[in-house]
């Protein structure tokens with residue numbers, strides 16, 4: 001267990017190192033590099049830019065600049081927003097809750113529906129339900145998230161008027177119910193793709209477990225099918241799903257960016273696009289690095305959780 | 001053994017078991033037909049329609065579908081939506097297809113080298129793959145697309161640069177498992193160069209999984225192009241693409257919903273088709289599934 005943890009931890013550290021190198025390369029691909037934000041300012045002459053470059057050490061060798069940049073990243077100095085001068089981490093923090101709310105609720109939806117579809121597809125293999133679920137999942141994976149959102153807005157907001165077309169709450173009404181009302185459509189839109197992925201994996205995992213000896217034993221003992229499913233199959237099939245949840249995080253974040261744009265949801269995705277529009281590169285870079293670090297950490301946590309639950313790893 | 005006999009040169013490829021299995025896969029066939037129809041429509045459509053995709057007619061703004069010869073209606077500038085849809089399809093399919101070629105090339109190269117060489121080089125390459133996979137792809141694509149000049153060529157390169165990792169992983173695993181096989185040892189004993197063994201001896205054995213992954217990559221590349229063009233950082237107007245036709249459609253959702261619904265449906269049909277084909281190929285080529 002201890003060896004596993006240390007091994008996994010060092011892997012994550014190496015991964016963070018590589019992630020930071022990729023981030024640094026992207027930062028330097030931006031025309032004007034880290035000073036891009038000032039290149040647009042008419043009161044800055046080329047001489048000023050050159051002098052700033054000298055002052056900030058941007059004419060040193062790239063590896064030295066990288067070490068400097070990475071060190072400041074570790075210390076929590078992520079630069080300041082070009083728009084309002086606020087520290088980048090503060091700006092991200094202000095938008096984090098909205099994104100986590102959206103991602104959390106859509107993950108709950110995806111897990112609940114996806115698990116059900118997956119188990120039913122496995123227990124009723126090759127049935128009409130299974131076939132439709134398979135085809136449905138492939139179609140769901142092919143629908144552009146933003147288009148699904150637009151169609152949803154058209155049907156449920158503009159035609160039927162049941163759900164709000166955007167924003168997180170109605171101004172002047174901050175009740176929990178109001179938040180929930182605004183949350184329904186974006187979280188379902190974001191969940192669609194993940195329901196598809198989750199149900200496919202859950203089906204495979206359930207089929208794997210069903211064919212194992214202990215299920216035969218349980219059946220031989222005369223347990224009811226329902227009891228076997230609930231007690232022996234689902235728990236074991238859900239175990240690899242924890243790892244999957246971690247692996248799906250980048251695509252959830254991608255979906256969140258698009259969903260937030262369509263529904264004017266004030267989260268990190270919206271912030272990313274706004275910052276791009278303003279050429280606010282410190283925030284853009286901050287979000288890029290923040291999301292990647294989030295992904296690495298969540299995958300680490302997922303593996304540790306699996307290790308704690310799974311006796312095969314826990315006891316080794 | 002039978003598979004080898006069936007695939008030998010004695011018989012034509014369309015009689016092989018692989019071809020039969022593919023033909024029996026109804027969804028894959030449906031996908032093939034839809035892609036064929038869509039491609040034909042995009043290639044020939046613009047010549048058959050009475051309007052040019054760039055012809056602006058302010059008297060005909062916001063015409064709903066089936067108004068006169070505007071079969072799919074018109075956009076806010078009075079341009080014919082059908083003509084734009086087909087011209088956009090050319091760009092979107094071309095970008096999707098080229099991005100697939102490029103990303104498969106990069107992925108195969110990285111995968112073969114990492115899998116065959118192994119050691120510190122292999123580890124470094126595969127950890128880099130993990131590193132790229134840690135970024136939500138759209139963040140990376142948008143940051144790059146905003147920084148670079150958004151020509152169709154550049155968009156293709158940016159999409160390819162962020163979608164090669166899947167292929168690299170598949171090829172690496174495949175090559176690593178083949179590396180110690182007898183035919184590779186035989187090749188080494190014959191004194192063949194590393195490059196020859198990698199690309200002429202090992203790679204052909206991994207072609208099945210590569211084809212499947214490449215098909216699914218087309219689907220993903222078309223989607224990615226749609227995402228970034230929708231957000232305004234992809235293909236730039238006046239050049240139409242399915243994604244940028246949807247850019248701005250949201251504000252007309254109440255008055256002209258067809259502006260949003262039609263291009264999105266085209267994207268969904270194209271992407272679904274490629275996913276169906278990929279699924280059929282996976283069954284036909286007997287590639288173990290990963291269900292993504």
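Listed values, structure above:
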| item | result |
| --- | --- |
| Theoretical ellipticity at 222 nm over chain B - DSSP helices of four or more residues, -39500 (n - 2.57) apiece, nearest 500 | -21500 deg cm²/dmol |
| Mean-position separation - Cα centroids, the stretch A:182-231 and the stretch A:277-308, in angstrom | 29 Å |
| Residue-span extension gain [residue A:176 to residue A:226] - 0.36 nm each, minus C-alpha spacing | 14.3 nm |
| Scattering curve values for the protein assembly as shown, log₁₀ I(q)/I(0), Debye with Cα scatterers, q = 0.06, 0.07 Å⁻¹ | -0.36, -0.49 |
| Nearest 10 degrees, 0 to 90: helix B:152-161 Cα axis against chain B principal axis | 40 degrees |
| Peptide ranges A:123-130, B:229-236, B:247-254 listed from the most packed, as the mean C-beta count within 10 angstrom indicates | B:229-236, B:247-254, A:123-130 |
| Peptide-level mean, for A:136-142, of C-beta atoms on other protein chains within 10 Å | 6 |
| Rounded tilt (10° steps) of A:281-309 against the dominant C-alpha axis of chain A | 30 degrees |
| Equivalent ellipsoid dimensions for chain B as semi-axes, Å, which come from the Cα gyration tensor, largest first | 42, 23, 14 |
| Protection-proxy order for peptides B:27-40, A:164-177, each taking the mean of Cβ atoms within 10 Å per residue, highest first | B:27-40, A:164-177 |
| For the stretch B:164-292: span of alpha carbons on each principal axis (Å, largest first) | 72, 29, 17 |
| Gain upon complete extension [residue A:108, residue A:214; 0.36 nm per residue less C-alpha separation] | 35.2 nm |
| Exercise: per-residue mean of other protein chain Cβ atoms within 10 Å, A:294-301 | 2 |
| Sequence of B:106, B:159 once ranked by neighbouring C-beta atoms within 10 Å, starting from the fewest | B:106, B:159 |
| Ratio of Rg to Rh over the stretch A:88-145 (Cα coordinates, Kirkwood Rh, two decimals) | 1.22 |
| The stretch A:41-83: equivalent-ellipsoid semi-axes (sqrt of 5 x gyration tensor eigenvalues, Cα, Å) | 22, 16, 6 |
| Pairwise centroid distance, computed over Cα atoms, of the stretch A:97-120 with the stretch B:119-171, Å | 27 Å |
| Principal axes of the stretch A:120-170: Cα extent on each, largest first, Å | 45, 20, 20 |
| Contact order relative to length of the stretch B:102-216, as percent, for alpha carbon pairs under 8 angstrom and 6 or more apart | 39 percent |
| Separation of alpha-carbon centers, the stretch A:234-268 and the stretch B:13-77, rounded to whole Å | 33 Å |
| Intensity falloff of the stretch A:262-313 expressed as log10 I(q)/I(0), Debye formula with alpha-carbon point scatterers, at q = 0.22, 0.26, 0.29, 0.32 Å⁻¹ | -0.79, -0.93, -1.02, -1.09 |
| Diffusion coefficient, µm² s⁻¹, Stokes-Einstein with Kirkwood Rh over alpha-carbon pairs of the stretch B:233-292 at 37 °C and 0.692 mPa s | 239 µm²/s |
| Percent breakdown of C-alpha pair distances by 10 Å bin, ordered from the shortest bin, for the stretch B:87-198 | 14, 35, 28, 15, 7, 0 |
| Pair residue A:264, residue A:135: separation of 7 Å Cα→Cβ label points (nm) | 3.9 nm |
| Efficiency of FRET from Cβ geometry, residue A:159 and residue A:86, R₀ 51 Å, rounded to 0.05 | 0.80 |
| Label-point separation, residue A:41 to residue A:59 (7 Å along Cα→Cβ), nm | 2.0 nm |
| Label-point separation in nm, residue A:307 to residue B:101, each point 7 Å along Cα→Cβ | 4.6 nm |
| Top of A:56, A:100, A:288 by mean-square fluctuation, Gaussian network on chain A, Cα under 10 Å | A:56 |
| Tail weight of P(r) past 22 Å, computed on alpha-carbon pairs of the stretch A:165-316, percent | 59 percent |
| Scattering profile of the stretch A:222-261 at q = 0.14, 0.15 Å⁻¹ [log10 I(q)/I(0), Debye over alpha-carbon scatterers] | -0.51, -0.54 |
| Average other protein chain Cβ within 10 Å of Cβ, residues B:147-155 | 2 |
| Space enclosed by the convex hull of the alpha-carbon atoms of the stretch B:138-178, per residue, Å³ | 62 Å³ |
| In Å, descending, principal axis extents of the Cα set of the stretch A:1-126 | 72, 39, 28 |
| Gyration tensor (Cα) of chain A, equivalent ellipsoid semi-axes in angstrom | 43, 28, 15 |
| The stretch B:209-254 - Rg and Dmax from Cα coordinates, angstrom | 13.2, 45 |
| GNM result for chain B, Cα springs below 10 Å: residue of B:89, B:264, B:119 fluctuating most strongly | B:119 |
| C-alpha long axis of helix B:119-134 to longest principal axis of chain B, angle in ° | 20 degrees |
| Kirkwood Rh (inverse of mean 1/r, distinct Cα pairs), the stretch A:96-205, angstrom | 15.0 Å |
| Candidates B:244, B:205, B:275, ranked by Gaussian network fluctuation over chain B, Cα under 10 Å, top entry | B:205 |
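Each value in this text was obtained by applying a stated rule to the coordinates, not by laboratory testing. On a predicted model such as this, the values are computed, not experimentally measured, just so you know. Quick reminder, even Gly has a Cβ in these numbers, built from the backbone with ideal geometry, and neighbours come from all protein chains shown.
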